[in-house]
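These notes are about the structure you will find just below.
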Amino acid sequence: MFSIGELFDWLTDPENWTGRYGLANLFVEHLTLTLVSLAIAGLLAIPIGIAIGQSGRGETLVIAISSASRAIPTMGLMFALVMLMGVEFRQFAVVLALVGIAIPPILAGAYSGIKSIPIVIREGARAQGMTTLQQIRHVGLPLSAPSMVGGFKIAYLQVVSTVVLAPLVGLGGLGFGVIQGLALRDFAQLTGSALVIVLLSITGERLLARAQRTSHRRLTHSKIGR
Amino acid sequence: MEWAAKNLDFVLELSFNHLLISLAPLVLGSVFAFALVRFTPVKLTGTIGTTFSAIYAVPSLAIFVALPAIIGTSYLGPTNVVIALSVYVAASMFFSTRDAFSQVPKPTVFIARAQGLSPLQLFVHVELPLAIPGLIAGLRVAAASTVSMASIGAIVGVRNLGYLFLDGFQRKIPEEILTGLLAIFLIGIAMDIGLWALGKALTPWTSRSAQRV
């Protein structure tokens, strides 16, 4: 059966860290898939969120998307896309699914960040003669930064946990050890891989939570008015 | 949807299991979160909050397979899934329960106390009813994510709608995967409507005052 000693042995065996299915390579794959998807989703969702928040048009759409997205199982979405697009395009299909998973929270974060800026401040910026781009650059973005980072944090959590399932459709990532460990009843590999996944997800969550606090503190302790 | 029609009995059986394995954690997790909010000293709230947001960050499959090493349960089967999902529900309900009760207006509580209500009466007749909208809102969020997350339990051998994803993928039947998606979505919507109706039924005064305005 399984013991802590076995887990320790498995984690400290260099053989489990190197090679195609070593932890190092799987970790890099996991992080790359996550970050690439988050970047694409951010490039799409942030401008749209800002535009909706700024113009006030399409608000119901944002709310509908973010509440409907919670009810869709990420696992099923990924499987369906890989199946419908064909297994040979699975890399593309998985990234597409991950982007789809990441968009709703990022969109909601950008939208509600802009939306929560007091109307006095937004009108004030306009009254000073700022162009729309200047309003976004100097007022909208800095003031909504905490909310946007918050959106990215939720998206990160969703994407990192969905990437764990990527080995089921033939891709890599840290889930590989969990899926293989389950199939081969190798409980040291299973638990060791789960532990690395836990470390990756919690570290990312803590970093983004800190970024959120920093961006918030920068606002409340800014030099403006001093 | 030819596949769904042919396998209707099977889909219904899986849907029923799916509903059960989502409802149990919702009840257990909410009760646990409520107990934590109600009975832990204020000093610990920050620590519990940080711990819960960290736990919430952990991918569900990782928790499903890490639990046996921590508490010694079997690797396969619904026990780990129910425990893990309960922890997720508790993690999200902890924050909404705390906020729901802190939104109860302080003057209302003071007046009730001045009228001579005992702590239990105060809780049952004043605090709980006024916290219900917040609690229901939190439950709706928790229910939606629990229903969709429960499908991952199929990987560790739970017979729920997630099985349709695994089986459909292996046997290359897209309709099977789409049936699973649709069924989970419908269960989510049904639970959402149910909770909304429950909230309305438990707070009749909100609709009455709305009619007057």
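The values are calculated or read from the model by the stated rules, or taken from the named source; none is laboratory data. Nothing here was measured: the structure is a model prediction, and the numbers come from that model. Quick reminder, even Gly has a Cβ in these numbers, built from the backbone with ideal geometry, and neighbours come from all protein chains shown.
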Inset, instruction - Give the residue, chosen from B:I55, B:I48, B:I71, that is within 11 Å of another protein chain (Cβ to nearest Cβ) and of a type outside the set (K, R). - result: B:I55
Inset, instruction - Only residues that are hydrophobic (A, V, I, L, M, F, W, C), modelled with pLDDT of 90 or more and assigned to a loop (DSSP other than H, G, I, E, B): list them for region A:172-226, please. - result: A:L174
Inset, instruction - Look at region A:159-182 and say how many of its residues are more than 10 Å from chain B (Cβ to nearest Cβ), surrounded by fewer than 24 Cβ atoms within 10 Å (Cβ to Cβ) and of a type in the set (A, V, I, L, M). - result: 1
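Just to be sure before I move on: is A:L43 within 23 Å of B:A144 (Cβ to Cβ) and either within 11 Å of chain B (Cβ to nearest Cβ) or part of a helix (DSSP H, G or I) (or both) in the structure I sent? Write out each step before concluding.
Numbers: within 23 Å of B:A144 (Cβ to Cβ): no; either within 11 Å of chain B (Cβ to nearest Cβ) or part of a helix (DSSP H, G or I) (or both): yes.
Here the answer is no, as A:L43 does not meet what is asked.
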Inset, instruction - Collect the residues in region B:157-189 that are more than 10 Å from every other protein chain (Cβ to nearest Cβ) and within 23 Å of B:L139 (Cα to Cα), keeping them in residue-number order. - result: B:N160
Legend entry - Hey, B:F169 out of contact with any His (no Cβ under 9 Å at 6 or more places or on another chain), within 30 Å of A:G181 (Cβ to Cβ), surrounded by 16 or more Cβ atoms within 10 Å (Cβ to Cβ) and of a type in the set (F, W, Y) or not: yes
Legend entry - Cβ-Cβ under 9 Å pairs, at least 6 apart or on other chains, region A:183-197 side facing another protein chain (nearest Cβ under 10 Å) and touching a residue at least 12 places away in the same chain (Cβ under 8 Å), far side part of a helix (DSSP H, G or I) and acidic (D, E): A:F187/A:E6; A:A188/A:E6; A:A188/A:D9; A:T191/A:E6
Legend entry - Long-range neighbours under 6 Å by Cβ, at least six apart or interchain, first residue more than 17 Å from B:F10 (Cβ to Cβ) within region B:144-161, second part of a helix (DSSP H, G or I) and of a type in the set (S, T, Y): B:T146/B:S22; B:V147/B:S22; B:M149/B:S60; B:A150/B:S22; B:I152/B:S60
Legend entry - Unmet requirement for A:G53, which otherwise passes all of (1) within 23 Å of A:V163 (Cα to Cα); (2) surrounded by 19 or more Cβ atoms within 10 Å (Cβ to Cβ): (1)
